[in-house]
Every structure is written in structure tokens, then in C-alpha cells.
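Trainee: Would you mind keeping the following structure in view while I ask a few things?
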């Protein structure tokens, strides 16, 4: 049992990452691929946070005076994830606008048909 | 066929990463830098929310980069979407039902208030510039969906964005001009847990809050806007 | 008077002519001729002085050195003289054509870089000037558009291949011995393993062989020479080919040293023999292809390859006679090949662009001076006594026979036989025979063309009668290489196995000449007969149908042409086509579908991880 | 002396200010990148002498290295910063005439942000900060590729974005794994903990980082985005992309492999990868009709050559690789600018439409020819010393493998020569005979100045390579001995 | 306490696979919104309140909003 509780978060994070990557690799529709990218981002954020988690630790905020500094969770991955989330949003917004423009030009979002730029 | 190949590739990569994860112990305190931040965080930066002190003062340069990314995405988005065309009056949009209109008109100020509270108390309670800005942006999103006809004025949103970014940079440069390093916390730290503590951190987080709020609202505005 | 002044004048002059051309065409012509002459004159002062100087240290801790000794003086002086003559020749030739400043700049740039190659004292500066020469020649070959473009591309690709092979040779020498300067390098290869020497030798030989148009590497020469503007093809085949010869002599006698070269590959088959055989093949096949050509310049191009074969054959034996024969034949070939190209250029200039041997004829009355120049040039080419070709051919045969290789001697003889055939075809179809209608009012070649033709013909006769002059220089070169010089006097060569004395030959010919002249003058009865005043079985002679110089060697042509299709050229073309198809195939990797691109990324990652997990390579 | 942080703050501050000029006056917008990059160029030149002896180390926010983020302005960093500032400055002059339609403001902001991202990547000493600046570089190049909003532009931008996003996610996973093991984000701190790459848990982050940065650095299997992006982006942007963006991606890989991991065993793999990239790049470029696509494939080829040189691993190898990198940046930027203006005038991108351009636009085609000769590596130009140093470094290894690889490289150089000379011939010798009365359009000044400054640089450094060899030597040694990089930063 | 986390992670993976399978893009967008919501809750369990709020506010609200707008302006069904 403790194996599962030990690695549950890692399993969750990496399964999200690999499902997202599978969508990107295997799916035809551009919007579906962008959804895949957003799932990969969520997965990575989850993975980064679990790196800094300490079993039984408390949030790194000194809201109440009695909190001891020893068993606080590592604040650094949380700072990284904050940045990573906003980067994810920025990339997604740009991707979706490009998808809209691509739809205006091609009339379809099927990536197998959008092949003018090749060789 | 393609599904099979990508499946095999992903399995191999998963195998590699699982093997390398074995060396990383889970859940026990293995952190080096994190310890220092937690122990020394308060007296060095004065903010009780250690994550905010890491985000803004210890790794402030990352957040500066972060704002630039959002700014680039907003500019890139408007560049790609082409000219910004005001919605023509005659365009037929079926009016939202009465309940939705009054509900959103009621909720809009509350959401703004919540957003403002979050990024003003960024250094005390969890939350900060990014989260507050996002809430304000969702307030504007609600306003678009709810009450039709209301649009944010583009010029003001640009001015707010630019001012937000400039305050961050100017604070950094002031740190440089007084001989210390870029982004040095030159304001008095004050005693923890009070609103005016933690030197430049609240100022920066307020600026970030405004900037992220207006930027995300601008992005949504561009996306919703019907343009040829 | 150090050497870098020569280079400065040469390269500076090239740029100067371009800008002066912008001001006034006249000033540019004068400047171009002046610069080439000044270079020739300065070089003349350096006769049998030897000096060395480092002229540039800025290049990646390689000091670039210039040096001159009789060996490099001899080549440099010939190139400078032939170069200035061709510039004089091109004064009127180029005036009608388009962007002439570009032409003169490139011409001077080619001459400057050739002199740079000859004067360079270390392999790096040798390589730098070599590359400058290749790309400036490329720009000049494709000067008059149309088919010249394909010729230019073929030339530049082959010369880049050659120079790239040479670069590897130079750098691997540097990595083994830490130096690229000739003086320090020469002889070091003595104690190197024969495998390494052969490796270096092959690399250098590819580059120099391409430039020297040795048989398997000659493919670029016929199109390049026939499409280039005539004055430039005079420089191209007169001197540019000889850079390859200079390089081979430098490689054999200076860098690799004779004794190493002689017993190179002694066990299996000596390198000397291989080079001699390639030389012989280079004589035979191109000579008989030259026979089949209808275009005058293409015929001369193939004959250049053949004559280069003679030079290689001469040099291959490494004895003092063989070096003398090779060098002397280089000198003669430079003169009479430049002369022949100028003759063809003059004809082409006057008949504005006609080089087809089938449609020319009977120009002897219209352009007598050009005819005389052509006649003397051809006698030099064949090796008629009293011309310089005779002496050098004689030396080549002597070395072949003394070094007991009768087959090669026979091949050389066969080659000379073929040379006689195609040179007669050239002279007859152009000057003798019936004058076609449209060339009735053809006037003589302009003075600026006739001057170089006359001077070069005199030079052929002069060195034919007094071979001692060039031989004295060749002797001092040989003593520089460590071979014992030939015993020569002003009139000829005396050696235990055969002497030539041009004096009594000249006196005999002179006397017979006078007698014939007297007889001819004495008998009054001879009267000039018009071209159409002859019996044609009662019917009048048709004005332009009766012209037997068309398809001159018809039966011979039909007999040997199936065997002489240039299969080497087809081999290179099929190589180029296969690379092009390979490129077209590989292009298909980028299919345009993003799914594939993402799979490529994951494939790269999975490959690396799989290798590490499975074999722990890293 | 000047604080290197200004190299990032000045362009960033000005980029933020540009939108305000909408209210003041539209015309000033295009001069802002000009002044920002001029300032960058001057700062990096002044820092140049100080950096040679000891790299400048600046910590941000007043916290010493392992805690806060720090900038490391070593010889390598300053060399790249100078290169970015120089090429960016010249291309910003080019953009005065080139970018006319559409409101220019957005183009200039994105252009400035791209160069800020590049300078940031090159100077920072912290991996996450490197990732953030790398993201700025990528996002601004996605938007700039799609700037014209035409069909090929949008399609290439979408493909570039998807591959770039996958690459960045891999980089982020790699950084996460590194942080998980060593608990710190400062490069020097991580480097001091990593002693060998054999253990799988250190090897996986290395591979992830190489793949992630490799997408941007256009290594063989990962560079499928490059031909489309370069051929459909505006020409000044393709000049920046193939002049700066790829080289910065390569810098990231080199920094990861040499300084962070010290992974000398992976170099043999990169050696073969470089040669494969070179061969494929040149073979694909061989029968292209579109000029910009041909230049894009030749960029792939040159990157392969540089990767090969850098992964020889000896001091002279890295020295040659860096020299070739500088020569490729200058010559490729020149080629794109010249080709861009020719396309702008002749209307279409395929090479057959360039016939007789030698007559119509003598100066631009002359500059194009010099750029082509220098890329192929002919003597008086900058390409030749680069090729020479790479071959010297490869043949100094005295083993048969390197000789074979050298021959493959030279085969690729011959193919490269073939297609560049073909273009030069189409420009000068094809097309109808030049009628004397034909008008000669002289390119506007704002095109000629950058083009001829590039030509001047190419010829001067080609003839006198010692000009830049000493900074190359110190940056090569900075890369090679990892120990004093660490000693220099950590107290 | 462990069981709740187990169920949440399992739900998250199921909704990610659902996003993969749904043909109707609107459903796929909703599924990805569910994924980021559950992730926000998990962040709360991992003692990361800041990140939970950011993930909820940005990841769930804005990203889904943008996706819906994008799907509205292009084709709704995947072909």
C-alpha cells in the first residue's frame, strides 16, 4: 500500500504528461493537439510541485505565529510552477489565435491536409 | 500505424524517466535552497508568504521574464489577429436574458474587489499578482458574456499594461542606481504580517496584478472581437 | 625590390581597372595593358636571383611566405608575358561585347592569382591563391552567357573538389610535421611510411591533375575553353593548365624529393610508371577526339589536353633530360597554344562569332598575317624542325627511348601523327580552300590583334633556332633540384646519345629557301589563276557548292567515333544526377505534416534513452 | 565598469515603452530598436576587454549565487551578446525600409523582445532563467514568423509553435528532474554536484535538455520547422532567425553539455549527428527553387558543421566551431538581407525570377555573391579561416574516423558550392543581354548600409582573422575547463 | 486521506483520456477543464495554496474560456 501512496502523485503527473504527448503525436485535429499541449503543461506543473512536497509538511506561509519552519513544504517549485502556468497560458493563447487564422485560410483544421509547406 | 509508433516511443521514454525517478526520494526533506528560504525568508524579505518572497525578490528576474512573456504573447496575438475593428453597431447579437445581465452586473464589482484583495495581500496570504490579475480578467470575461455592448477601452488597457511593467523595471533600476544590485529591496521591511511590510514586494505585486489583469482581458477582448 | 610589391601591383591593379573603367574606357584599356607589362618587366629583373620574405602574418598563426628562384621565375615570367599579350589581344576583341570593366578586372585577377601561386613559398598561401584563381576563372568562363554557364558550373565544381582534396593534404601534412613551408617540408617525407606518402601524393595529384586536365580528370576543359572568350581561353590553356604542371613538379621535385618519388610504390608498381601511362593515355584519346571536332576552339581545347599529356610523360621519369623535356615543352606549348587561340580569336572577331570549321575557308587572301601566325603555330605544335616544338619533342622521345619504355614512345609517336592530322585540318579549313561568298569583303585583323600574333610567331622561330636560351634557364632549375644539368650550347644540345645543332640545320634550310625563291622568281611564265577559273566538265563551277573542307576526315570520323565517345564525361554526369536524385529523395523526409515532426522529436529522445538503457554507451 | 544587466534591461525597458509612443507620434517607433541595440553594442564592446581576463559575475536582488539568480558575463557570453547586438542593430536599420505596411509598432516590439530573449539566454547563469528567456525568444519568433498573416506564414508558425512547445515541455521536465536531485537551480551549483553522466538519473535530464534545446538549434531530426519558418517569415526576421536564434539554441546545448554536465562521452554521438545534419542540410538544399528555402537548408547544413566542430572536444575544435559560428551568422544574415530585397523587387521567391538581377541591382547582387562565396568558404572571405580551423582541428585527432568524417564534410561543402554558384550564375549570367538603356534601381540607403557593413566585416575578418581569435580562444577555454567556471561563481 | 487522493488522481487520468477520445471538441475542452480543476485540488493537498489558486483561476477559468472562444470560431467537430 505504501508504494502507491509514495508515488501516487508521480504516477498522476507522468500519466498526464504522456497522455498529452500521445494526443500531440497521434491526433489529427489542431485544436485537439493544442488541448494535448495544455494537458502536458498541467502534468508538468503537477510533477514540479510533487518534487517539493514533504509528507506531513505545511504550506510555506507564516500565517499563524506557531508554525515551525522545519516541516514546511519547499517553496521553490511553487515559484517555478507559477511562472510555468503563465507561460503555458501565453503559448496556448498564441496557438489558438494561429489556429483561428489557419482555419480562415484553409477551411479545415485537419493537420494531415495542411501540407503546403513541405520538401 | 502512427498511434502504435507514438505509443512505443512514449513507453520507452516513460521507462527512462521512471528509472531516473528512482534516485529521487519522495516526500522526505531533501531540499537545500528551500530550507534557507524558509528559515531566513522573513527577516531577509519581510514577507510572510515565502512563495511570494521567492517569486518576487529571490527570483525576481524570473518574474520579470514572466511578464515579458505575457506581454510578447499579447502583442503577438494582436499582430497575428490583424487590425482591431470596433464591433459595428448594426451587428445582431441576441441580447442575454435578464437574469444573466443583472447577475453579471452584480457580480462584476465583487470579482474586481476579490481580485484586488488577492494581489494587494500577496505578501501576506497565499495568492498574488498573477492570481489576482487572472480573477480580474475573468471578471471582464464575465462582463463580455453577460452584458453586451460594454467593451474595455483599448488605450487605457495599454497604458495600464505599460505602467505596470515600467514600475517593475524602474524599481529594479532604482536598486541599481543606489549602488546595490538590480531589484534590490531598498524600501524598509517593516514588521511582518502588516500591510505595509516587505519593502518593494507588495508594490511589485500590485503592479503585476494590474498588468496581468489588463493583459489577459486584452487577449480575451481580441479573441472575442469579430474581425474579418 | 621585394616580391610583395608585385602582388600589390597585380591585385591592386585589378581593382583599379574596375574603377577606372567607370571613368573612361580608354584609360582602363591603357591601365590594364600597362599593369600586365609592368608585372612582366619587374619579374624580368628577378632573373636567377633567389629571395624569400614573409609578406603576411595575420592569418591564424601561419606566416605566409613569398619566394622566388629560377624555377618559379621561369613559370612566373611565361605567365606574365602570355597574360600581357592576351590583354593586348583582347583590347579590340572585347570592345564590342558587354560589361568590359568586369572582364578586365577578372582577367587581371586571374593573372595576379596565378603569379601569387607561383611565388608562394608555403602551402597555405599556395592554397589561398589557388582558390582565388578558381573562382575568378569561374566568373570569367561563364562571361558570355548561353552554354558557357554549364561549362562554368562544371569547371567550378571540379576545381572545388580538387582544391578541397588538396586542403586535406595540406592540413594532414601540417598535423604530421607541424610546418607547411616548402623548404622545411622538403625531404621530411623521406622517413614517412610509404602508405602515408601515397595518401598525400594521391590527394595533391587529384587537385593538380584536375587543373592540368590529365585524362580521367580532364572533363571540364573542352566546354570551358571553347565557351570562354578567346583571349581568356588563350590565357586559360596557355598558362592556367601549366599551374597544374608547376604544382606536380613542385610536389615531385621539391616536397617529395626525387629519391623518395623514384622508389615510391617500388614493390607493386612504381608511381613513376603509373604517371607515365596516364600521360600516354592523355596523349592518345584526346588527340583522336580532337580530330572529330568541328568547332575550332573545341579542337584546340582537346589538343591542349593532349599536349599536357606530353608534358606529364616528360616529367614522369625524373632524370635530368626528362625534367628538361617537360619544362621546355611547357614553355613551347604556352607560346604556340596562346598563338593558335589568338588566331582563332582573330578569325572569330572578324567573322563575328563563326568558329565552325565546316563553314570557314580561304581566308588566306583576306588575313595573311593571321594565316602566317597560324602556320607557324601549327608547325610548333607538330614539332617541325626549326620551331621550338621540335627540340622539346626530341627531348621527350630521347628520355622515353633511353629509359627503355618503347610502348610509351610508340604512343607518343601515334600522338604526334594525330597532332599533324588535326592541325592540318584546323589550318586548311580556316585559311585554305574556297572563300565562301559572305567573306568577300573581310578586312585584315586589327593591329592590336596582329601584334601579339606576330611576336609569338617570331618567338617560336627564335627559340626553335636558338634553343640554348630557354635551356640555360632550365639547367639552372635542374641544378636547383639536384640533377646534373645537360650540356648545351646556344645552338642545341650535345649529349653522348645524340646531339642537335640548329645552326647547320638553319643554314641548310636558309640556303634551300633562297634557291627555291630564285627559281620561282626566275621563271616568268607563272600566272595567278582565279579561284573559279578551272575546268568542271563543261559546266560552270557553282559559286558556293564546291567546298570540300566540309566533314574533312569523314571516313576516319565514322570509323573511330563509336569508340571515342567520352565515357568519362558520362560517368561524371551520372554521378551528378545520382546526387541530385539522392537530394530529391532526402527532401521527402520533411513531409509537411506536424504529426511526423513531433514523432521525429520523440524518436530522437527515445533513441538516446534506449541506447543508454540497453548498452550504457555513455 | 558597466553592469552587464543593462544588456537586458535597456532593450526590455524600451520594448515596454514602445506602445506609449502611439499617443506621441507614430514615426519614432522604428528608431527605438535602433537605439536600444546600438546601446547594447556599445556596452558589450566596452565589456569586451574586461571579460578576457576574468568573467564578470553579477547577482540580482543582492542574493549570492546559489540563492538568487546571477548573470555570468564570460568571454563566451559577451561574444554572443556582441554578435546579437551587432546583427540586430544592422537588421533594425534594414527594417526601416522593409517593413512598411501593417502598423509597424507590433513588429518592432516583437523584434526587440526576440533580441532581449536571446541576450538573456546568453548571459544568465541559472537554468530556469535560461528556460524563461528561451521561451521569450521562442514566442516572439512564433509571432514574427506569422507576422504577415499570409497562408504560408500562419502554417509555418503553427508547425514551429507545436514543435517548440513540445521542446520546451521536455526542457521543463529536465529542469524538474535536475532540481529534484540536486535541490538547486544555479548552473554552477548543479555542475559542482554532477561528476559523471553514467548514472541514468543524470543522463535522462541531459538528454531531455539536449532534445528540448535541439529543437531550436535545428539539429537533424528536430529541425523540420526551420525550412518552413525561414521561407515564409519576413526577410529581416529570417535573417535574425538563422543568424541569431539557431546560434542561441546551439549556445544553450553547448552550455548544457560542456559546463553543466561536462558530458564528454556524449560528444561522439553529437559528432556523428553534426555530420548527418550537414549532409542532409546540403542535399536538401541542392534542388530547391525557392531561394529562402535554399538558404534555410544551408543554415541547417552550417549548423551541422558547427556541431561537428564543437563536438571534436579539443580546444582548437571549439575554437574553429565558434569561428565558423561567427562567420555563418554574418554571411547568412547578409544573404537573407540581400535575397530579401531582391525578392521585394522581383516579386517572387524562386531563383529563376532572379535572372539579370546583376544588371538591375548591381550592389545588392554583388553583396549576395560575396555572402555566397564566404558561406562556401573561399579564401579572401570569413568562411575560409573557419573551414580551415575546423579541418585542422579534425585532422589533428590523427585517427581514421576523423579523416572519413572530414571527407564527408568536404563532399557536403562541394554540394553547397554547387548550388550557391548556380544562384550566382542565375543572377549575373542568365537573362536577356543587358540593354544599355536599362534603368538600374539602386536599393534605398537603409538596405545598402547594413548590407555593406556586413560585406566589410566579412572581408576584413576573412583577411585578418586574428581580430577575433583571442576572444574565441578564451571562450573555448571557458567552455572546456569547467572547474574554474564553478570556482569563479560559487564562493 | 489517501483514498481521496487516489480517487482524485484516478478521476484526473480518466478525464485526460476522455479529452483524448471525444470527437466533439466542446466535450474535449470541458474534459481538459476538469483535469485542471482536479489538479488545482491536488495542489491544495500538496500544500501549495498559491499554485492551487493560480491553477484554478488561470488553468481552469481563462484557458477553458479561450478554448471555447476558439472552438466557437472554428469547426466544432473533429474530422
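Trainee: Quantify how strongly other chains surround peptide C:168-175 by giving the mean number of their Cβ atoms within 10 Å of each of its Cβ atoms.
Mentor: 5
Trainee: Expressed as an acute angle from 0 to 90° and rounded to the nearest 10, what is the orientation of the C-alpha long axis of helix E:63-73 relative to the principal long axis of chain E?
Mentor: Helix E:63-73 and the main axis of chain E meet at about 10 degrees.
Trainee: On a 0 to 90 degree scale, rounded to 10, what angle separates helix C:594-615 from the longest Cα axis of chain C?
Mentor: Between the helix axis and the principal axis of chain C, the angle is about 60 degrees.
Trainee: Now for a different question. With N denoting the number of residues in chain D, provide Rg(C-alpha) divided by 2.2 N^0.38 Å, to two decimal places.
Mentor: Ratio of Rg to 2.2 N^0.38 Å for chain D: 0.93.
Trainee: Moving on to the next point. Find, to one decimal place in angstroms, the Kirkwood hydrodynamic radius of region D:116-216, where the mean of 1/r is taken over every pair of different Cα atoms and then inverted.
Mentor: Evaluated over region D:116-216, this radius sits at 14.6 Å.
Trainee: Now for a different question. Is the C-alpha gyration tensor of region C:127-174 telling us rounded, prolate or oblate? Criteria: a/c under 1.5 is rounded; beyond that, a/b larger than b/c is prolate, otherwise oblate.
Mentor: Note, shape of region C:127-174 comes out oblate.
Trainee: In the protein assembly as shown, what percentage of the DSSP-assigned beta bridges are antiparallel, given to the nearest 5?
Mentor: 90 percent
Trainee: What nm value, rounded to one decimal, do you get for the distance between residue C:614 and residue C:570 when each label is placed 7 Å out toward the C-beta?
Mentor: With each label point 7 Å from Cα toward Cβ, the separation is 4.5 nm.
Trainee: What shape does chain E have by the C-alpha gyration tensor, where a ≥ b ≥ c are the square roots of the eigenvalues, rounded means a/c under 1.5, and otherwise prolate means a/b greater than b/c and oblate the rest?
Mentor: It comes out oblate by the Cα gyration axes.
Trainee: Hey, another quick one. Rounded to the nearest 500, what is chain A's calculated 222 nm mean residue ellipticity when only DSSP H runs of at least 4 contribute -39500 (n - 2.57) each, over all residues?
Mentor: About -24000 deg cm²/dmol.
Trainee: Could you state the orientation-averaged shadow area of the convex hull built on the Cα atoms of region C:1-111, in nm² to one decimal?
Mentor: 7.6 nm²
Trainee: Continuing with the same structure: Quick check: Cα centre of region E:1-29 to Cα centre of region C:453-477, how many Å?
Mentor: 97 Å
Trainee: Need one value for A:102-110: mean number of C-beta atoms belonging to other chains within 10 Å of its residues' C-beta atoms.
Mentor: 5
Trainee: Moving on to the next point. Suppose R0 equals 35 Å. What FRET efficiency, 1/(1 + (r/R0)^6) with r the Cβ-Cβ distance, do residue D:344 and residue C:150 give to the nearest 0.05?
Mentor: E between residue D:344 and residue C:150, to the nearest 0.05, is 0.70.
Trainee: Can you give me the angle between helix C:3-23 and the longest principal axis of chain C, using Cα atoms only, in degrees from 0 to 90, rounded to the nearest 10?
Mentor: That works out to roughly 70 degrees.
Trainee: So for each of D:416-426, D:214-224, C:449-459 I average, over its residues, the number of other beta carbons within 10 Å; can you give me the resulting order with the highest mean first?
Mentor: D:214-224, D:416-426, C:449-459
Trainee: With the crude spin-label approximation of a point 7 Å out along Cα→Cβ, what separation in nm comes out for residue A:68 versus residue D:31?
Mentor: Once both label points are built, they end up 6.5 nm from each other.
Trainee: I've got another one for you. Per residue, how big is the convex hull of region D:243-340 when only Cα atoms are used? Give it in Å³.
Mentor: Per residue, the Cα convex hull of region D:243-340 comes to 77 Å³.
Trainee: For region A:79-103 and region C:389-420, write down the distance between their C-alpha centroids in whole Å.
Mentor: Comparing the Cα centres of region A:79-103 and region C:389-420, I get a distance of 82 Å.
Trainee: Please work out the C-alpha center-to-center distance from region D:175-246 to region D:50-73 and express it in whole Å.
Mentor: Taking the Cα centre of region D:50-73 as reference, the centre of region D:175-246 is 22 Å away.
Trainee: Evaluate E = 1/(1 + (r/R0)^6) for residue D:404 and residue C:511, where r is the Cβ-Cβ distance and R0 equals 51 Å; express this FRET efficiency to the nearest 0.05.
Mentor: Working from the Cβ atoms, E equals 0.15.
Trainee: Right, here's the next one. Give, in nm to one decimal, the length gained when the segment between residue D:150 and residue D:38 is fully stretched (0.36 nm per residue of separation minus the Cα-Cα distance).
Mentor: 37.1 nm
Trainee: Further, regarding this structure: Rounded to the nearest 500, what is the 222 nm mean residue ellipticity of chain D from helices alone, with -39500 (n - 2.57) per DSSP H run of 4+ residues and division by all residues?
Mentor: Theoretical 222 nm ellipticity from helices: -24500 deg cm²/dmol.
Trainee: Moving on to the next point. Can you give me the P(r) profile for region D:20-103? Cα pairs, bins 10 angstrom wide beginning at 0, each as a whole percent.
Mentor: 16, 32, 27, 19, 5
Trainee: Next question. Between residue C:15 and residue B:5, how high is the FRET efficiency from 1/(1 + (r/R0)^6) when r is the Cβ-Cβ distance and R₀ = 60 Å? Nearest 0.05.
Mentor: The formula returns an efficiency of 0.50 here.
Trainee: Using only the alpha carbon atoms of chain A, find the Kirkwood hydrodynamic radius as the inverse mean reciprocal pair distance, in angstroms to one decimal.
Mentor: 16.9 Å
Trainee: Something else now. Kindly identify chain B as rounded, prolate or oblate by the Cα gyration tensor criterion: order the square roots of the eigenvalues as a ≥ b ≥ c, call it rounded if a/c is under 1.5, otherwise compare a/b with b/c, prolate if a/b is larger, else oblate.
Mentor: oblate
Trainee: For the pair residue C:25/residue C:479, report the inter-label distance in nm, with labels modelled 7 Å from Cα in the Cβ direction.
Mentor: Distance between label points: 5.2 nm.
Trainee: Taking only the alpha-carbon positions of region B:96-186 and ignoring solvent, what does the Debye formula give for the base-10 log of I(q)/I(0) at q = 0.14 Å⁻¹?
Mentor: Calculated log10 I(q)/I(0) at the listed q: -0.66.
Trainee: Where does chain C land at 222 nm, in deg cm²/dmol rounded to the nearest 500, when only DSSP H runs of n ≥ 4 count, each adding -39500 (n - 2.57), divided by all residues?
Mentor: My calculation for chain C gives -23000 deg cm²/dmol from helical runs alone.
Trainee: Compute the Rg/Rh shape ratio of the protein assembly as shown: radius of gyration over Kirkwood radius, all on alpha-carbon atoms.
Mentor: That ratio equals 1.08.
Each value in this text was obtained by applying a stated rule to the coordinates, not by laboratory testing. Note that this is a predicted model, so its numbers are computed, not measured. Ideal geometry is used to build each Cβ from the backbone, glycine not excepted, and the neighbour counts take in all protein chains shown.
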